[in-house]
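The values are calculated or read from the model by the stated rules, or taken from the named source; none is laboratory data. Note that the structure is predicted; figures quoted are calculated from it, not measured. As a convention, Cβ positions derive from the backbone with ideal geometry for all residues, glycine included, and neighbour counts pool all protein chains shown. Note: areas computed on protein heavy atoms with side chains; ligands, DNA, RNA excluded. Shrake-Rupley method; radii C 1.70, N 1.55, O 1.52, S 1.80 Å.
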Amino acid sequence: MAADTSRTVRIPAETQSIMVPAETLRNSAPAEGAGRFASYVAVVIAVAATLIFLHPAGPLAGSANIGVEVWLMAALALLADAWPWMPPGRRLSSAVFPSICFTFAILIDSGLPAALVVQTAAVIVSSIRMKHRPWRALFNIAQYTLALTAAQLVIHAGSMILPVDAPTGAYVVVFVAAALTWFALKYTTTSIAVWLRFGGPFWSTIRVPFVSEALTTGSLLLLGTVLAEAATASPLYVPLAVVPLLAVQRLSVLSMQQSRLARLDPLTGLANRKVLISEVGSIAADYARSGGRGSFALLLLDLDRFKHVNDALGHAVGDRLLVAVADRLAKGVREGDLVARLGGDEFAIIAGRLTGPQDAVHLAARVTAALQRPISLDGLPLDISASVGIALYPEHGTDFATLMRHADVAMYDAKHRGDGVAIYAAESDHNSPRRLSLVADLRQALESPDGGGLTIYYQPQVEIATGEVVGVEALLRWSHPHYGPIDPEELIKAAEPSSVMRQLTRWVLEHVIEQLAIWRPMALRLRCAVNVSVRDLHTDDIVEHVTALLRTHGVTADQLQLEITEEGLMADPNRVLVTLGLLDRLGVAIALDDFGTGYSSMQHLRRMPLAEVKIDRTFVFGMRTDPDDAAIVRSIIDLAGALGLRVVAEGVEDEPTWRLLHECGCEVAQGWFYARPMPADELIGWLGRTTVPGARRLAGLPVGRSAADLTASWTSEDA
Ligand code: C2E
Ligand code: MG
Ligand code: MG
């Protein structure tokens with residue numbers, strides 16, 4: 001039989017038992033292929049029932065003599081199954097039933113009917129104890145009936161072959177053959193049921209648990225053989241079987257625990273990386289065998305700001321939080337999906353049975369939603385969120401390493417965009433062909449004398465109260481010879497991990513400072529903000545470079561401002577502190593860009609020589625419609641005020657937002673409401689044409705210099 005992967009790729013049963021209580025699952029039919037599973041169960045029960053009701057006399061007849069030893073063994077069988085062994089994490093037949101030792105002995109001692117009656121009674125006892133559904137109890141009774149009947153047939157055949165006066169020892173071979181037959185039948189019927197219930201490759205369902213099952217069951221059956229022989233000598237030997245039985249139990253539990261430990265994450269009890277790798281490998285192989293139909297997804301999940309919980313509340317609380325998260329994840333996935341912990345706050349999910357990428361996105365959304373309810377630890381509610389990256393098989397990779405790398409890229413994408421969930425996209429990949437070629441072409445453009453399509457646009461920043469243009473932000477634009485205009489964010493993301501970033505920052509600084517020098521004779525004294533990457537500040541080279549440029553072009557330091565993103569700065573604040581101090585001493589102001597998207601520590605904010613915070617445009621966009629965004633903007637303004645920092649709102653697109661910002665006490669705004677970023681020469685024209693609305697102007701109060709005033713001043717001075 002081969003696994004049916006035509007529609008789905010399933011997670012092997014062996015792994016599922018790690019994460020979902022197998023007992024619970026086994027009480028139900030599978031969501032898919034329920035008919036096939038039910039038919040199989042029905043056939044096994046029907047065959048066993050037929051055997052019982054027909055009970056062909058002769059080979060299956062039992063002894064009429066039921067001795068004391070049989071009663072004793074029956075009592076012990078029932079007692080034993082009232083406490084089945086439950087080695088943690090055991091295969092789906094998650095319990096071991098020691099009664100089989102006694103029923104096998106009864107089979108040898110008194111024949112099939114007595115063994116069947118006792119085994120049936122033992123199954124009823126264990127089913128009540130383990131809350132099995134009636135159909136499952138019936139199926140178990142049927143399996144034992146088949147196994148015991150087959151074993152009885154072997155014993156009968158042996159007794160026909162062996163001479164009547166053969167020594168008792170010769171029967172050892174017969175009993176061993178009977179035990180083997182018993183095991184083969186029981187193991188096969190159970191494995192088929194497990195496979196039909198949980199899917200996965202048929203051969204691994206058979207192969208993986210074989211050794212441990214064979215050892216445990218084999219020990220019990222062979223102990224039963226010895227017990228049968230001893231019991232015929234005296235019933236007093238029967239209770240002695242209890243001690244080796246306990247030893248077998250202990251060994252079986254220990255070996256299961258050991259193999260479980262090798263496969264599980266010790267903290268959360270989820271599957272570990274090793275299991276994840278082997279599952280991806282075997283599902284992929286299964287998929288390849290199915291001829292290219294079906295799909296599965298690898299979801300990589302990383303908790304946001306977990307480090308802060310760990311730092312603030314200690315590792316013990318962090319660990320408990322991880323356990324709670326693991327629990328939510330295991331409950332949030334669909335039956336048959338595998339959840340694993342990779343270490344730290346990183347988890348992975350293998351999701352099979354996909355009809356398309358949207359299934360994986362839905363699952364990811366469901367899982368992140370499950371994490372959004374605060375987790376209460378010692379009565380302290382902790383808000384936790386996660387970012388999920390998705391890589392699909394086979395579109396994004398056919399082996400574990402590639403899928404993992406691509407899921408990782410997608411996860412960082414999700415984190416960066418604050419979306420929570422992202423599917424792998426080649427353009428976000430540092431190592432995708434487009435990225436690699438962008439970086440190489442950027443290097444070439446920077447080295448070419450005409451800038452290779454690179455330019456700088458300037459976007460005005462306006463004082464809300466007066467309408468005065470107080471500065472501009474320099475924003476990079478690149479028209480790539482092959483790809484056309486490149487999104488600056490994509491470009492910066494591609495350049496940042498490589499040395500070309502430093503070259504790019506130098507290029508921008510040179511052009512901006514040169515531009516400030518060009519504007520100076522026009523009496524246009526604007527402050528210009530330049531975006532820099534946090535890596536530019538890891539060494540103090542930038543200070544030397546800026547000093548030299550300012551001197552060469554005769555531009556004063558207060559005309560230049562550097563913007564660094566909150567996320568970048570807070571990732572490693574200590575590393576940039578020295579450079580920031582030097583820039584501050586030089587007189588170059590520092591602005592914290594995209595404020596609100598990172599995770600600033602107040603202590604760091606206080607320590608940094610900052611002049612300005614820029615409220616991230618996503619909050620500004622939302623403040624008109626979303627009270628939460630409005631509250632965030634308001635509190636950033638208050639915070640900045642308390643720390644003595646200037647506050648700039650970016651992304652102001654309309655008048656209502658502008659009014660709201662004014663009401664909140666925001667000083668400066670930048671956005672399409674005033675002007676889009678434009679080339680340097682257009683800026684001059686814009687300043688000449690535009691009367692920027694200022695609240696004071698609207699209120700009829702005297703105003704500072706507006707854009708038009710600025711141009712008027714330079715045109716008159718020029719003339
Ligand atoms: P940023 O520094 O936060 O720049 C503001 C972004 O908001 C700019 O996007 C600007 O065009 C956009 N923007 C301004 N007003 C509005 C508005 O009203 N509505 C909307 N929808 N958008 C508005 P841009 O130019 O695409 O730049 C994106 C990011 O790329 C910048 O975000 C900055 O982080 C980075 N960047 C741009 N130029 C450079 C540079 O020269 N060096 C470095 N390191 N990063 C740069
Ligand atoms: Mg900026
Ligand atoms: Mg920004």
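Cβ-Cβ distance below 9 Å, separation of 6 or more or different chains: which pairs start in the stretch 553-564 with a residue that is part of a helix (DSSP H, G or I) and open to solvent by less than 20 Å² (accessible area, probe 1.4 Å) and end on one that is more than 16 Å from ligand 3 (Cβ to nearest atom) and charged (D, E, K, R)? Every condition considered, the pairs that remain are Gln559/Arg520; Gln559/Arg525; Gln559/Arg527.
Inside the stretch 266-288, residues that are surrounded by 21 or more Cβ atoms within 10 Å (Cβ to Cβ) and assigned to a loop (DSSP other than H, G, I, E, B) make up a count of 2. For the subset of the stretch 561-582 comprising residues that are acidic (Asp, Glu) and within 15 Å of ligand 1 (Cβ to nearest atom), which member is nearest to the chain's Cα centre (by Cα)? My answer is Glu567.
The listed residues are Val470, Val462, and the only one of them that is open to solvent by 10 Å² or more (accessible area, probe 1.4 Å) and either hydrophobic (A, V, I, L, M, F, W, C) or within 12 Å of ligand 2 (Cβ to nearest atom) (or both) turns out to be Val470.
Residues in the stretch 645-682 that are touching a residue at least 60 places away in the same chain (Cβ under 8 Å), near ligand 1 (Cβ under 9 Å from one of its atoms) and surrounded by fewer than 19 Cβ atoms within 10 Å (Cβ to Cβ): 1 in all. Screening the stretch 617-639 for residues that are in contact (Cβ under 8 Å) with a residue 40 or more places away in the chain and open to solvent by less than 50 Å² (accessible area, probe 1.4 Å) and picking the one that is farthest from ligand 2 (Cβ to nearest atom) gives Ile636.
Note on the stretch 306-318: residues that are charged (D, E, K, R) and surrounded by 13 or more Cβ atoms within 10 Å (Cβ to Cβ) total 1.
Take Thr597 and tell me if it is within 13 Å of ligand 2 (Cβ to nearest atom) and in a loop (DSSP other than H, G, I, E, B). Answer is yes for this residue. The sole residue among Ser533, Ser499 that is of a type in the set (S, T, N, Q) and open to solvent by 20 Å² or more (accessible area, probe 1.4 Å) is Ser499. Being within 11 Å of ligand 2 (Cβ to nearest atom) and surrounded by 18 or more Cβ atoms within 10 Å (Cβ to Cβ) holds for only one residue in Leu569, Leu592, and it is Leu592. Scanning the stretch 297-337 for residues that are assigned to a strand (DSSP E or B) and modelled with pLDDT under 90 yields a count of 1.
With respect to being among the aromatic types (Phe, Trp, Tyr), more than 13 Å from ligand 1 (Cβ to nearest atom) and open to solvent by 10 Å² or more (accessible area, probe 1.4 Å), Tyr457 falls outside the description.
When each of Ile590, Ile636, Ile542, Ile615 is tested for being in the same structural domain as Lys493 (by TED's automatic domain parsing), within 17 Å of Val508 (Cα to Cα) and within 16 Å of ligand 3 (Cβ to nearest atom), the lone residue that passes is Ile590. The one condition from (1) surrounded by fewer than 19 Cβ atoms within 10 Å (Cβ to Cβ); (2) closer than 30 Å to Ser428 by Cα that Met522 does not meet is (2). Checked against the criterion of being among the β-branched types (Val, Ile, Thr), assigned by TED's automatic domain parsing to the domain that holds Ile637 and away from ligand 2 (no atom under 16 Å from the Cβ), the stretch 521-533 contains not a single residue that satisfies it.
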